[in-house]
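The values are calculated or read from the model by the stated rules, or taken from the named source; none is laboratory data. This is a predicted model, so every value here is computed, not measured. Counting neighbours? That spans all protein chains shown, and the Cβs are built from the backbone with ideal geometry, glycine included. Heads up: the accessible areas ignore ligands, DNA and RNA and are worked out on the full protein's heavy atoms, side chains in. Shrake-Rupley method; radii C 1.70, N 1.55, O 1.52, S 1.80 Å.
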Amino acid sequence: MKRRNLLALLIAALPTILNLSSCSSEISEARLPEAGITRTVRFEADANNTKTAFGTPDGSSVPTLWTANDAAVKISVNLSEGTDAAVERSSDGKSARFTANLNDDGSADYTFYALSPATAAGGFSASGISVKIPEIQNAITGSCDEAAQVLFAKSDHFSSFPESAALNFRHLTAYGKISLSGIPADAALSQLILISEAELAGSWKYDPDGGTLTPVTASGTIKINTSSVSDIWFACAPADLGGKELTVVALTDKGKFGKTATLPAGRKFEAGKIASINIGLEAIEETDLAVWTL
């Protein structure tokens, strides 16, 4: 008799049990991420260590500022193909915002990667990020070529696709500031050429987890278009020049001036740091070419 009563109670409660199970299933399905949907994400760069122009030094610290020339950064989700995001700089240039339309792959596992400028990004993949450092640079007053100043940022990890994320950029490139002497006062400089045994520009692969920059098709030569003989800025890959030769050649309307020197141990270009260099140049004699007929 007791068994019959218990069975009747279970049968009576069955619709309620089924309804609860159905609700639980609906809730679980609603929490699952949808794949293949393009979502808009707003990113904000920290005011610390941003770019692009160098600001007024504060002791040994030099701020870098976003400028109107920073057209776009390249942003990737989970190291997939990157998307250009327009730069919205703050009024003081110390911070910036970007808005990107990115694909939600439904993984419930999201990390965002950014490279500035967008032109420096060769591509994103699980094996690393392709980075381009220009071999020909146009120096500007008070700063290096903005296309050569490469910064990287990685967001926090998200378990659901966010509407916004913070990015803290840091420099991948190192910087140099050169002043020249030995050039005639009436000479007009057009280009400064640096030739190093160390690799300074070209194509590189960046490991976003290990933080290492590895040369792919790299060059030891950088050509800087400038008319100034002092405070000539440039950007390059981090490099140890200790014990290596560095050749500097200045092209002017009065001829070529240059110098080759072996740098002492400990001389380095370090990411995010500025190395100041003073160079005394000498005239380079042009050799006449004799042509013989056989």
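Before moving on, here are some points about what is shown:
- Residues that are of a type in the set (Gly, Ala, Ser) and over 14 Å from the mean Cα position of the chain (by Cα), drawn from the range 184-217: Ala185, Ala187, Ala188, Ser190, Ser196, Ala198, Gly210
- Thr221 falls short on exactly one of the conditions (1) touching a residue at least 60 places away in the same chain (Cβ under 8 Å); (2) of a type in the set (Val, Ile, Thr); (3) within 21 Å of Asn78 (Cβ to Cβ), and that condition is (3).
- Looking across Ser91, Ser25, one residue alone is loosely packed, with under 12 Cβ neighbours inside 10 Å, farther than 17 Å from Asn168 by Cα, among the hydroxyl-bearing types (Ser, Thr, Tyr) and at pLDDT 80 or above. It is Ser91.
- Residues that are small (Gly, Ala, Ser) and not in a strand (DSSP E or B) within the range 236-287 comprise Ala237, Gly242, Gly243, Ala265, Gly266, Ala271, Gly272, listed in sequence order.
- Residue within the range 149-158 that is more than 30 Å from Asp105 (Cβ to Cβ), touching a residue at least 12 places away in the same chain (Cβ under 8 Å) and surrounded by 15 or more Cβ atoms within 10 Å (Cβ to Cβ) present: yes
- Yes/no for Ala174 being among the aliphatic types (A, V, I, L, M) and either at positive phi or surrounded by fewer than 18 Cβ atoms within 10 Å (Cβ to Cβ) (or both): no
- Single condition Asp209 does not satisfy, out of (1) assigned to a loop (DSSP other than H, G, I, E, B); (2) at pLDDT 95 or above: (2)
- Cross-chain or 6+ apart pairs with Cβ under 9 Å, the range 94-115 first and exposed (fewer than 15 other Cβ atoms within 10 Å of the Cβ) and among the acidic types (Asp, Glu), then at pLDDT 85 or above and assigned to a strand (DSSP E or B): Asp109/Phe158
- Residue within the range 177-200 that is on the phi < 0 side of the Ramachandran plot, open to solvent by 30 Å² or more (accessible area, probe 1.4 Å), basic (Lys, Arg) and part of a loop (DSSP other than H, G, I, E, B) present: no
- For Val131: the one exception among (1) in a strand (DSSP E or B); (2) among the aliphatic types (A, V, I, L, M); (3) in contact (Cβ under 8 Å) with a residue 60 or more places away in the chain; (4) open to solvent by 30 Å² or more (accessible area, probe 1.4 Å): (4)
- The one condition in (1) surrounded by fewer than 16 Cβ atoms within 10 Å (Cβ to Cβ); (2) closer than 26 Å to Cys236 by Cα; (3) free of Cβ contacts under 8 Å to residues at least 40 places away in the same chain that Asn78 fails to fulfil: (2)
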